[in-house]
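The values are calculated or read from the model by the stated rules, or taken from the named source; none is laboratory data. Bear in mind that the values here come from a model prediction, so they are computed numbers and not experimental data. For neighbour counting, all protein chains shown are included, and Cβ atoms are generated from backbone atoms with ideal geometry for every residue, glycine included.
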Amino acid sequence: MTKKQVKQFSDEIRAAVENCGISRYRISKLTGIDAAVLCRFVQGQVGLSMDSLDKLASEIELHVTNKPRKGRKGV
């Protein structure tokens, strides 16, 4: 991956959904996110609301950390 091909945050979330070991159908039932919407999100066709992302992250135990870039001071 070149510097210009930086992975987007939503791509990281999609990968986490795919690799969490829980089926999308089960995630849909646990979060209340429509299965078709979740499928389209994973395929990169639509985005999700912050509320849906919160539910999704909680269910797949996704934790976000901030890692400052090299050469940049943290705020």
- prompt: When LEU62 is evaluated against the numbered criteria (1) assigned to a loop (DSSP other than H, G, I, E, B); (2) over 10 Å from the mean Cα position of the chain (by Cα); (3) in contact (Cβ under 8 Å) with a residue 24 or more places away in the chain, which criterion, by number, is the only one it fails?
  reply: (2)
- request: Mind listing whichever residues of region 24-75 are surrounded by 11 or more Cβ atoms within 10 Å (Cβ to Cβ), closer than 15 Å to GLU12 by Cβ and of a type in the set (Asp, Glu)?
  value: none
- request: Pull up region 15-43, narrow it to residues that are free of Cβ contacts under 8 Å to residues at least 24 places away in the same chain and of a type in the set (Val, Ile, Thr), then point me to the one that is nearest to LEU53 (Cα to Cα).
  value: ILE33
message: List the helices (runs of 4 or more DSSP H) inside region 1-49, counting only whole elements, that have at least 3 residues being at pLDDT below 95 and of a type in the set (A, V, I, L, M, F, W, C).
response: 9-19
